[in-house]
Amino acid sequence: MRSPGELRNIGLARALSKLGFCSRSAAFALIRSGQVQVNGRVVRDAETPVHLEKDRVAVGGQRVSAANKVYLALNKPRGVVTTAADEKNRRTVYEFLPPGTPWLAPVGRLDKASEGLLLLTNDSEWAATLLDPETHFDKTYHVQIAAVATEPLLRDLTTGVRIKGDWFRVKRVRVVRRGEKNSWLEVVLDEGKNRQIRRILEVLQIEVLRLVRVGIGPIVLGELAKGDVRALTRSEKEEIDQAMRRAYS
């Protein structure tokens with residue numbers, strides 16, 4: 001991760017995102033509408049280079065300063081989408097943030113049918129590093145399937161399947177409990193492919209009944225109630241930051 005002294009010129013839209021003012025897509029809209037100024041001059045090109053330490057960036061005449069960094073964990077309910085706005089008027093994760101929360105972006109996604117641990121932050125560089133495969137943060141899921149788990153199925157999950165020329169597999173899997181007609185599995189991923197678990201099980205002709213993310217690296221869902229939000233603890237943040245430093249050292 002770069003230290004503040006290593007900052008270089010970056011595009012204006014990215015600068016607004018890094019400052020924690022808004023998402024990059026929202027920044028593009030603000031810039032195109034002529035609401036953003038750099039050093040007192042209106043700029044309409046979202047790729048205009050700016051230096052966060054030297055240039056004065058303003059929106060509507062009000063200077064944009066770096067927001068205090070916020071790191072939250074949300075227990076995302078099923079049926080909620082991970083976007084700021086939805087064209088179908090579905091509920092979004094932003095409905096669950098406390099009033100007065102600054103702009104935050106999800107760190108990765110959970111699809112509408114999935115639930116559980118979702119991180120949100122206005123620290124875009126930290127989020128990108130957390131998602132980088134080089135940092136090797138495991139994501140842990142509890143998955144209920146409409147089948148009795150067998151050893152061949154567990155082997156198939158770790159061996160993987162080919163989907164459109166790409167190989168999909170899980171890092172680890174174990175049976176949490178078996179019923180007469182379904183099972184709960186604990187699945188660990190160290191990759192970030194879209195809908196990875198669901199797509200593997202679809203190829204294996206296994207129906208997913210529930211999919212709950214319960215951990216990201218050292219951060220666990222624990223007893224956080226559905227729809228509730230909490231700040232990351234200092235120890236969680238420090239443990240992640242130390243792992244990031246080791247990955248890039």
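Rounded to the nearest 500, the helix-only mean residue ellipticity at 222 nm of the chain stands at -6500 deg cm²/dmol, with each DSSP H run of n ≥ 4 adding -39,500 (n - 2.57).
What the Cα convex hull of region 7-63 gives, in volume per residue, is 64 Å³.
Shown here for region 48-149: chymotrypsin sites (Phe, Trp or Tyr not before Pro) in loop regions (DSSP other than H, G, I, E, B) with at most 13 other Cβ atoms within 10 Å, of which there are none. For the pair Glu47 and Lys88, label points projected 7 Å from Cα toward Cβ lie 3.4 nm apart.
In whole Å, how far is the Cα centre of region 108-148 from that of region 193-249? The distance from the Cα centre of region 108-148 to that of region 193-249 comes to 4 Å. Modelled label positions at Glu223 and Lys164, each set 7 Å beyond Cα in the direction of Cβ, lie 4.3 nm from each other. Karplus-derived 3J(HN,Hα) values for region 125-136, using 6.51 cos²θ - 1.76 cosθ + 1.60 with θ = phi - 60°, are 5, 4, 4, 5, 5, 4, 7, 5, x, 5, 7, 6 Hz; glycine and proline are entered as x. In region 47-125, the inverse of the mean reciprocal separation of distinct Cα atoms equals 14.5 Å; this is its Kirkwood hydrodynamic radius. Backbone amide hydrogens, once placed in the peptide plane, bring Leu185 within less than 5 Å of Val143, Gln144, Ile145, Val176, excluding anything fewer than 5 places away on its chain. Could you check the spin-label model distance between Arg246 and Glu134? Points 7 Å from the Cα along Cα→Cβ, value in nm. About 1.7 nm, to one decimal.
Exposed loop sites here are GluC sites (Glu not before Pro) assigned a DSSP state other than H, G, I, E or B and surrounded by at most 16 other beta carbons within 10 Å; excluding them, the longest clear run of the chain is 88-179. A simple rule links phi to the HN-Hα coupling: the Karplus curve 6.51 cos²θ - 1.76 cosθ + 1.60 with θ = phi - 60°, which for region 69-76 gives 6, 10, 10, 10, 10, 10, 8, 6 Hz, with x for Gly and Pro. How large, in Å, is the chain by the Kirkwood hydrodynamic radius built from its alpha-carbon pairs? Hydrodynamic radius (Kirkwood, Cα pairs) of the chain is 20.1 Å. Given +1 at the Cβ of Lys and Arg, -1 at the Cβ of Asp and Glu and no other charges, the dipole of the chain around its Cα centre is 380 debye to the nearest 20.
Taking only the alpha-carbon positions of region 138-216 and ignoring solvent, what does the Debye formula give for the base-10 log of I(q)/I(0) at q = 0.13, 0.19, 0.21 Å⁻¹? The Cα Debye sum returns log10 ratios of -0.33, -0.73, -0.90.
Each value in this text was obtained by applying a stated rule to the coordinates, not by laboratory testing. This one's a predicted model, so the numbers in the text were calculated from it and none came from an experiment. Note: ideal-geometry Cβ built from the backbone for every residue, glycine included; neighbour counts use all protein chains shown.
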